[in-house]
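Notes for the one structure printed next.
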């Protein structure tokens, strides 16, 4: 299609000259003798560019420009001015005009300026469409509530940058998922996305996992191993449960962030690395900084931007959308034809506290889909899927203690402890802090037991 140009000038000879030339260059041209006629034509049709005379009777070019940009801020306007009108033309550009040309213009240059302006308009339109598509796609993945729209906007802002950032949110809110989205939208998307969960790694091995080690560096180091920092080169390193990093590892990590190089454990060979660090925490790590348990200098290095993920109970408007998405994924994985979730079930979901957040909702629907032999999930199926969970009981805290007391004579204490921890983790949707409270042990001990008993999370 020919690009459409509107020429606005009070002199018929100038309109005719410009019109004849631009039509010869392949443009579709319309003309208006003044501002009133121009506004009428713009309201009725779509133009790609306006050529606007600066000095006209009744309504001058500045007034017409303001009216045009109020109607369409992206419509490029090129001002045509006499030599004595240049200061006013410059003011017009400050108001939003694309450019100004003096009469009589160099027509070859005029065509060049017009094509550049139209191309810029096209690019702006494409970017706007991409932004709308981007937001729509993320809404399908994350939700449409006002709380999650703020998160989507934060993702859009920070993804294209190389900022380090901290994602805050309760266990199960989707911190790893959001980190992977940011990586995939970043300039590092062709590089690796490497994830390390500090909470499930024994304290003595965290440095080795992050920095790597040489063969023989410590007991059990039977061969050399690359660390996550080296593997993540040119990509993104995602550090989950940042608050659990020890002061020793904090100091080593700070040096890596500042110098982009490090020594693997037991090695004298310097390794260079260039990666973006995204961290996650289910606590208010700023408090840990105030309590002097987390280094302030490292915190500010890792926290150039913060994204806060709201718990599911504070965005119940998203539950139906998320549930349907999880159902589609589960049905596809199980090769089942389950098309919808009953309204009664969705209403039940809306009333639940969802201590395990999105992860818990996903697991419930996955289990319900496994048990379902119909085309929809109803309350009967849901009750089977949720049988024995905390959602049906007043509290499992006492039940776990009762279980340990009643079974300590029939199974070993280690077996009872493993079952209790497994149940507590399932009950809280994987929230290790809350699970530790339920079984009445410290978080540090819980993490050790998870590793010791090889409990799947």
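A short reminder: the numbers here are calculations on the coordinates, not readings from a lab. Being a predicted model, the structure only gives us computed values, none of them experimental. Here the Cβ positions follow ideal geometry from the backbone for every residue, glycine too, while neighbour counts run over all protein chains shown.
Cα gyration tensor of the stretch 1-108, axes a ≥ b ≥ c as square roots of the eigenvalues: rounded (a/c below 1.5), prolate (a/b > b/c) or oblate? Rounded shape, in that the Cα axes give a/c under 1.5. Taking every DSSP beta bridge that has both ends in the stretch 1-107, the antiparallel portion is near 0%. Computed from label points 7 Å out along Cα-Cβ, the spacing between residue 116 and residue 337 is 6.1 nm.
Relative contact order (percent) for the stretch 87-239, with alpha-carbon contacts under 8 angstrom and 6 or more residues of separation? Reported as a whole number, the value is 16 percent. An oblate overall shape is assigned to the stretch 174-240, the ratio a/c of its alpha-carbon gyration tensor axes (a ≥ b ≥ c) being 1.5 or greater and a/b not exceeding b/c. Dividing the helix sum by the residues of the chain, where each DSSP H run of 4 or more adds -39500 (n - 2.57), gives a mean residue ellipticity at 222 nm of -15500 deg cm²/dmol.
In the chain, the longest principal axis of the Cα atoms and the axis of helix 61-71 are about 30 degrees apart.
Looking at the chain alone, DSSP beta bridges between its own residues are antiparallel in about 10 percent of cases. Note on the chain: Kirkwood radius taken over Cα pairs, Stokes-Einstein applied at 25 °C and 0.890 mPa s, translational D equal to 90 µm² s⁻¹. The label point for residue 103 and the one for residue 4, both projected 7 Å from the Cα toward the Cβ, are 2.7 nm apart.
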